[in-house]
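Read the structure below first, then the notes.
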Amino acid sequence: MDGTMPAAESSDIVLQKGTNAIDAHGNYITGWEKIGFHRAIGGWFINYLPALFLAVLFIFVSGMLIPSLLPYPDATGYYEVAKSMYGLMFLLFDAGTGAALGRFVPEYRVKNPRKALQYISFFVWFQMFTGLTQVTAISLFVLFWMPHLTTAHLAWIFLVYSTIQFPGMLAVLDGVLKSFQHYGKYITVKVFQDIFQFCTQIIFIMLGRWWGVSNPAVGELIGMSVGLVLGLYIDDFLAFILAARLFDKVLKDIGLSIGSCLRPTFTRAIAKESLIYGLKTMPAGIYGNMLGFFSFLVTFSILPQYAAWMGLISLAKNFTTLIDTPGTIKSNTDYSVAESYNNGKKNLSHFYITQELKWRFFLTLYLAITIVIMIPIALGSMLEVFGKNWIPALGLIPLLAIPELINVFEKPVSFTQVNHPGYDQGISLLGSTVSFLWYMFLIYVVNIDLNITIFIMKDIPIQITFLCINWIILHKKILPIRVRDFAVQVFFLPLIPLGIYGVFCYFYGGVIFPLGAALLGSIPFAVITIAMVLFLWPALLVCPLMGIFGAWDQYSLDSFQRTIELSGPSKWLVNWMFKTARFFYMKSPLRNRFPVKGAELAVKEAGELEETKRAQDLKNVKEQSGH
């Protein structure tokens, strides 16, 4: 069991006709509607095979295509400058409505789905009106004030970048699908959005380059930068259309429709509640963004070749952020905990947290070892041929990987989503202050010679300090965390198999890859290596080693097994990984020696919560069908 308890079977027909989610007996058909941790981990695994495909495509695009089309890292850096300039303004006009959406939708999905849609409706209309205001304000600034500034050459980039704020709600259904815990559909949207983005980036970079070359007043570099910004915007419309279609299917299965989200169906009370809650979450964000803006101005003025370095960091981060893709499990778990905690199920909430920590810890370490050791080898072979100006990005990968690894231990639940926004605000305010003062101390007191290494590493002491503060608050004020109940299985046992895997990767990169490259050529063998890393090694090395060293228990294996049904296109690969993990676990002398405690109470609470949810969904379906 994984915290999922199916609703009691009924022999009576309660509906004349079932839906895609509920059968004629009133029971859930799909695992996405059943309460349990399998939804959070399934939301990651359903993306596994598509992510592998996209990773191969992305390495090709980042290592060969983009460097060929976009030979100057500065072009990407200018886009990063625009983001830094307007982040504070965008936050102010958001008014915290995104935080309110994440707080109320998961709760009312269980208790009153119709009311949940009213919160979404308010967000949509609020964002459209404030977005129009922002685009107008930035346009006036660019046209009348910016020509007198030293950044006047970036006017076109700033102007085009401002359009992302209208209609300003294109990403809303991504978060809503997660709030409804249909992670499979959310992942489908993100996968196709990545594909759309690859295509639109390439098309608009080429168009921008042609426009810049044809107009010397604009120039090739600015033309490519404008094309990049447009390419990163147009895909949002395509993704929204897909998300709307998928979410409409979810709503129809429980007797509702997406029209209630897109029409102004919200009440004055909903608007007031959303704004009051959202504004409570704002002070820390505003303050942090103000300090971040001042830090940006300091860095922009003293770091040599700022735009070029930001472009190189952007390329390196495309890979190092993959290390924390299991953070998706944490994000998914935030919604599960919001659902359980706000409905009084604290044992279930604690169980969700332990499982999130387990999966995120071992998956992140696996990805970190793979990316830090293997990606520079494979990517370097491509950049040597297609983009030598981008080669310095390879040296940034190990540095940028460190903060991503530390993120594994971030607080495992959003305080805001469990109705304690004050803690998030207080910690964020204090963190922003300490981080800013620390940076100013290094620059103006120590008089440190700022370089790219110090710029990347400067916040790590602050990151670790506030990570500890978050855990203390979670344990003392919100939900006591019984670390001894899970520490051995979650943290200690995975270190042995992952250490063995790291030694294997180091040997492969230092010995086997040079031999293969000499025989087949560096780029062909890099492609073969990437395929093995992504498709074979998890099932043939990592999962068996985790089983041998007893880094599972019956509950975590059951969660793993339940995700197979939810894994979509990844099903065959996830099934293979599960079978190798279970086979070697059953043979291990450490089998079930260090189980996570408290799972039985979590299962009981999951069943109670699912029964409440099922009753509301049946009521809506009956009303829709005219029963």
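Quick look at the numbers
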quantity: For segment 224-329, alpha-carbon Rg over 2.2 N^0.38 Å; calculated: 1.58
quantity: Percent accessible area from carbon and sulfur atoms, segment 125-223, protein chains only, probe 1.4 Å; calculated: 74 percent
quantity: Counting all C-alpha pairs of segment 310-370, share separated by more than 16 Å (%); calculated: 53 percent
quantity: Those lysines that a straight Cα-Cα span of less than 24 Å connects to LYS411, excepting residues fewer than 8 apart in one chain; calculated: LYS178, LYS280, LYS317, LYS330, LYS345, LYS346, LYS358, LYS458, LYS476, LYS477, LYS597
quantity: Accessible area per residue in Å² at 1.4 Å probe, computed on the chain; calculated: 41 Å²
quantity: With every protein chain in place, segment 345-467: carbon and sulfur % of accessible area (1.4 Å); calculated: 67 percent
quantity: Modelled FRET efficiency - R0 60 Å, ALA518 with THR433, Cβ distances, 0.05 increments; calculated: 0.65
quantity: Spherically averaged projected area of the chain from its Cα convex hull (nm²); calculated: 29.2 nm²
quantity: Whole-number D in µm²/s for segment 33-154 (Stokes-Einstein; Kirkwood sum over Cα pairs; 37 °C, 0.692 mPa s); calculated: 172 µm²/s
quantity: Those aspartates and glutamates that a straight Cα-Cα span of less than 18 Å connects to LYS587, excepting residues fewer than 8 apart in one chain; calculated: ASP553, ASP558
quantity: Within the chain: Cβ-based charge dipole about Cα centre, in debye rounded to nearest 20 (Lys, Arg +1; Asp, Glu -1); calculated: 1060 debye
quantity: Unit Cα scatterers, Debye sum, segment 109-184: log10 I(q)/I(0) for q = 0.23 Å⁻¹; calculated: -0.98
quantity: Debye equation applied to the C-alpha atoms of segment 109-259, log10 I(q)/I(0) at 0.11, 0.12 Å⁻¹; calculated: -0.55, -0.63
quantity: Cα-Cα P(r), segment 259-391, percent of pairs per 5 Å interval; calculated: 2, 8, 9, 10, 12, 14, 15, 13, 9, 6, 3, 1, 0
quantity: Residue-averaged [θ]222 nm for the chain, counting only DSSP H segments that reach four residues, each worth -39500 (n - 2.57); calculated: -23000 deg cm²/dmol
quantity: Integer Hz, Karplus 6.51/-1.76/1.60 couplings in order for segment 143-159, x for Gly and Pro; calculated: 6, 10, 10, 4, x, 9, 9, 6, 9, 4, 5, 9, 4, 4, 5, 5, 5
quantity: Protection proxy ranking of 31-42, 145-156, 241-252, 175-186 - average other beta-carbon atoms within 10 Å, highest first; calculated: 31-42, 175-186, 241-252, 145-156
quantity: Euclidean distance between Cα centres, segment 447-497 to segment 514-557, Å; calculated: 28 Å
quantity: Estimated Rh, segment 387-509: Kirkwood, alpha-carbon pairs, angstrom; calculated: 17.8 Å
quantity: 3J(HN,Hα) from dihedral phi, segment 169-178, Karplus parametrisation 6.51/-1.76/1.60, rounded to Hz, x for glycine, proline; calculated: 10, 5, 9, 4, 6, 4, x, 5, 4, 6
quantity: Inverse mean reciprocal Cα-Cα distance (Kirkwood Rh) of segment 440-560, Å; calculated: 19.1 Å
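The values are calculated or read from the model by the stated rules, or taken from the named source; none is laboratory data. Predicted model only: the values in this text are computed from it and were never measured. Glycine gets a Cβ as well: all are built from the backbone with ideal geometry, and neighbour counts include every protein chain shown. Just so you know, the surface numbers come from the protein's heavy atoms only, side chains and all, with ligands and any DNA or RNA stripped out. Shrake-Rupley method; radii C 1.70, N 1.55, O 1.52, S 1.80 Å.
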